[in-house]
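To keep things clear, I will list the structure first and then write my remarks on it.
No value in this document is a laboratory result; all are computed from the given coordinates. Keep in mind that what you see is a predicted model, and the values were worked out from it rather than measured. Cβ sites come from the backbone with ideal geometry, for glycine too, and all protein chains shown count toward neighbours.
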């Protein structure tokens, strides 16, 4: 087995995560309150304002997937009446809960003091927390984030979300924490968010260079980790993204390709845009199918589920509540299908990709429903090679390595054929 | 296509004519009835809507015809629809796309996609791409139920739809017109409730398939015609000589979006189950009580949705009372048991199911569950399951 090469930024992130889970494991003895919430459109800065500790069930599920635990968790949930047809993140979470709720660091996760159902871009979130409510004796607060069905955020949508944050959420968080909302502190945290967001965008856009110094999908999921989860608005996040940017600047100056688990990718043969989340149970195997063929992902939609910063959005300290509302509504899975296609088309053009690939995951209808139309539209508009593979987020039964590898190899041959034809 | 009704329930005379009309409307997957309605006046406009619920009063007030697009059922051969969806997506969107690309939705001047799940949500975007010349709107129902928040947002959504339909028909939705439409739909609601009550009291008089066809007719006919149809049916069926069978009384949950084939309903009855309550075509009676006919009609519609609608898996259960409401309803309709029948790959229904099962178990109410799709054609397994369920309840009072 190869030992993965790690940058200083990766070590830094690992330390941040370990510290966070350490805080969670001590939360009850330290008197800290814990809020379970979701990644897309999350309100991390607001939780920070009340010194609340977030737990993100999707992250637990994907980390369980990477550690090979979800096969058992999912089967446990299915045995207790959960359908084989539904989202495996939910079932992995339920199975983990029924297995003692042990987090990725081996420590037990604390029970929630509040379930913050901020549901951006995914109906399953709603059902997920209805299910968790049956397991925990704690309140649920709903933040309904309207969908950009007509491709825009209207004034009414914004007022609705701002009103919910101001009149429902903040009073609930004050009640839970026993602390008053501190708008000045929120402004300061939002300044830090914007600073980190600047650096993240720089890192993601570095993939426009040839060769790309990063992989914006397999590597990208690590880069988005701190900003999408519990660290946005913190000094830790600012430092992490500065460090990461410095590393990428150096790679760029040296003309190096991305770092993979098997070392530096030597030759960039194919530049790909990827739509859809990755598979987590065979993440490294999946990644290897790309880097071993010289394929680098130069842009991906999955790394935008927690914010479309590359389209210019930054958290705005001058409008602290309004900016949280804008952020919630602006995440990738809250875009309508035509907008998603426009964005992917732009990525294909701006990043000079050879083609695009859709990883269609069974668990996530928010991503998957309509992807075959996305495929057709992008092929029609760009003329570039489109590929389509199927897997799942964390259900190992739905990752067929041989099948996916075959498809990818055929896909790369298709790119070669298009090149030959000119 | 369908299984014949048992002899003693076959409708004849005027009753038979009503059922024949409802059946023909159900089978009208090309929406010829809508084209005929429009042909009578060139200014008429029809707005198709997907499950589960849209306030049809707003479309009606704008002079439009609200038309339910409930999928292609078991009558639509899927030629191209499958190529738009992966195998793990439910069946409804593929038949709806089939209807669209085959031109069978051409009589619709616009489409509304109520918020129910991610599939229907994304389907709205597919329609935008495939029918760029039509009005296509994702109708976002509020999940916050405070009047000044969810209520205000909902009214803005209602006014947005009203404005769009009015622009097509040339009829502005004034408060007065909207109040009149609320009255018209309240009359429909009363007729529906009378039928529902009769079904609860004497289910042998109202076979599930007939009841279902009448519900579906309401999503195609102009509302006053449908109200008249319901009233006449309810009157006539009470004069019929249909006899009660030794069936158990069951309640159905989970079928609120993708609809079961009619033959499946007949199968369940033949297996010994009277369906005394269900959530089929639930948008047709989503607000069971009359909506306020005076005051601000927009607020009345918002209040009705937020505080007086039926529970649905697609609506956030803010008060954590779904389980209690389910059990209460079982008692209210005196059901012996519950059939949890959900469409395959239906996230809202299937994610709801463990909570519903738990509630039923706690209350000691027998239940059984199975999945279907709108084009299910083999019923033997379901018939055996439902038959066993019915027999067990008849013999032992439980399963």
Checklist entry - Given R₀ = 22 Å, FRET efficiency for residue B:44-residue B:133 by Cβ-Cβ distance, to 0.05? => result 0.75
Checklist entry - Per the Kirkwood definition applied to all pairs of different Cα atoms, how many angstroms is the hydrodynamic radius of the stretch A:185-421? => result 18.3 Å
Checklist outcome for this item: Quick numbers on the stretch A:265-322, Rg and Dmax over C-alpha atoms in Å, give 15.9, 47
Checklist entry - What number in nm² do you get for the stretch A:22-108 if you take the convex hull of its Cα atoms and divide its surface by four? => result 6.2 nm²
Next on the checklist: Helix A:57-66 against the longest principal axis of chain A: what's the angle in degrees, Cα atoms only, rounded to the nearest 10?
Outcome noted: 40 degrees
Checklist entry - Which whole-number percent is the relative contact order of the stretch A:8-181 (Cα, under 8 Å, 6+ apart)? => result 23 percent
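Report the Rg/Rh value for chain B, based on alpha-carbon coordinates and the Kirkwood definition of Rh.
Rounded to two decimals, Rg over Rh is 0.94.
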Next on the checklist: Given axes a ≥ b ≥ c from the Cα gyration tensor, I'd like to know whether the stretch A:107-205 is rounded (a/c under 1.5), prolate (a/b larger than b/c) or oblate.
Outcome noted: rounded
Next on the checklist: Taking the Cα centroid of the stretch B:7-55 and of the stretch A:75-93, what is the distance between the two, rounded to the nearest whole Å?
Outcome noted: 40 Å
Checklist entry - Tell me, what is the percent relative contact order of chain A, built from C-alpha pairs under 8 Å that lie six or more residues apart? => result 20 percent
Checklist entry - What nm distance separates the two modelled labels at residue A:205 and residue B:245, each placed 7 Å from Cα along Cα→Cβ? => result 7.0 nm
Checklist outcome for this item: Of A:293-299, B:190-196, ordering from highest average Cβ density within 10 Å down gives A:293-299, B:190-196
Checklist outcome for this item: Along principal axes, largest first, the alpha-carbon spread of chain A in whole Å comes out as 66, 50, 43
Checklist entry - In what order do B:320, B:91 fall by count of nearby beta-carbon atoms within 10 Å, going from fewest to most? => result B:320, B:91
Checklist outcome for this item: As a percent rounded to 5, the proportion of antiparallel DSSP bridges among beta bridges in chain A is 10 percent
Checklist outcome for this item: Summing -39500 (n - 2.57) over every DSSP H run of at least 4 in chain B, dividing by its residue total and rounding to the nearest 500, the 222 nm mean residue ellipticity is -15000 deg cm²/dmol
Next on the checklist: Please state the shape class of the stretch B:43-127: rounded when a/c is under 1.5, otherwise prolate if a/b exceeds b/c and oblate if not, all from the C-alpha gyration tensor.
Outcome noted: prolate
Item to check | Overall form of the stretch A:82-124 per C-alpha gyration tensor (a/c, 1.5; a/b vs b/c) | outcome: oblate
Checklist entry - How crowded by other chains is A:146-154, given as the mean number of beta carbons from other chains within 10 Å of each beta carbon? => result 5
Checklist entry - Rounded to the nearest 5, what % of the DSSP beta bridges within the protein assembly as shown are antiparallel ones? => result 5 percent
Checklist outcome for this item: So, with points 7 Å from each Cα along the Cβ direction, the residue B:307-residue A:154 label distance in nm works out to 2.4 nm
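Grab the Cα-Cα distance for residue A:19 and residue A:242, subtract it from 0.36 nm times how many residues apart they are, and report the gain in nm with one decimal.
Full extension of this stretch gives 78.3 nm more.
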Checklist entry - Across 5 Å bins from 0, what is the distribution of all Cα-Cα pair distances for the stretch B:315-399, in whole percents? => result 3, 13, 22, 22, 21, 13, 6, 1
Next on the checklist: As an exercise, use a Förster radius of 45 Å and the Cβ-Cβ distance of residue A:8 and residue B:318 to find the FRET efficiency, rounded to the nearest 0.05.
Outcome noted: 0.45
Item to check | Residue mean of other protein chain beta carbons inside 10 Å, A:330-342 | outcome: 3
Checklist entry - Under 13 Å from the 7 Å Cα→Cβ point of residue A:292, by amide nitrogen: which residues of the stretch A:391-422? => result A:401-409
Item to check | Residue mean of other protein chain beta carbons inside 10 Å, A:370-376 | outcome: 6
Next on the checklist: If neighbour count is taken as other Cβ atoms inside 10 Å, put B:204, A:280 in order from fewest to most.
Outcome noted: B:204, A:280
Checklist entry - What does the convex hull of the Cα atoms come to per residue for the stretch A:8-181, in Å³? => result 140 Å³
Checklist outcome for this item: Computed curve, the protein assembly as shown, Cα-only Debye sum without solvent term, log₁₀ I(q)/I(0) at 0.07, 0.09 Å⁻¹, is -0.54, -0.89
Next on the checklist: Ratio of alpha-carbon Rg to the 2.2 N^0.38 Å globular estimate for the stretch B:207-358, to two decimals, please.
Outcome noted: 1.12
Checklist entry - What angle do you read, to the nearest 10 degrees and between 0 and 90, between the alpha-carbon axis of helix B:92-101 and the longest principal axis of chain B? => result 40 degrees
Checklist entry - With r defined as the distance between the Cβ atoms of residue A:420 and residue A:99 and R0 fixed at 35 Å, what FRET efficiency is calculated, to the nearest 0.05? => result 0.10
Checklist entry - What nm value, rounded to one decimal, do you get for the distance between residue A:267 and residue B:180 when each label is placed 7 Å out toward the C-beta? => result 7.7 nm
Checklist outcome for this item: Computed over chain B: longest principal axis from alpha-carbon atoms vs helix B:152-169 long axis, angle to nearest 10 degrees, is 70 degrees
Item to check | Gain upon complete extension [residue B:14, residue B:357; 0.36 nm per residue less C-alpha separation] | outcome: 119.3 nm
Checklist entry - Normalised by the residues of the stretch B:62-181, what does the relative contact order come to in percent, with Cα pairs under 8 Å and at least six apart? => result 24 percent
Checklist entry - So what's the convex hull volume per residue for the Cα atoms of the stretch A:360-422, in Å³? => result 73 Å³
Item to check | Ranking of A:290, B:256 by count of other Cβ atoms within 10 Å, fewest first | outcome: A:290, B:256
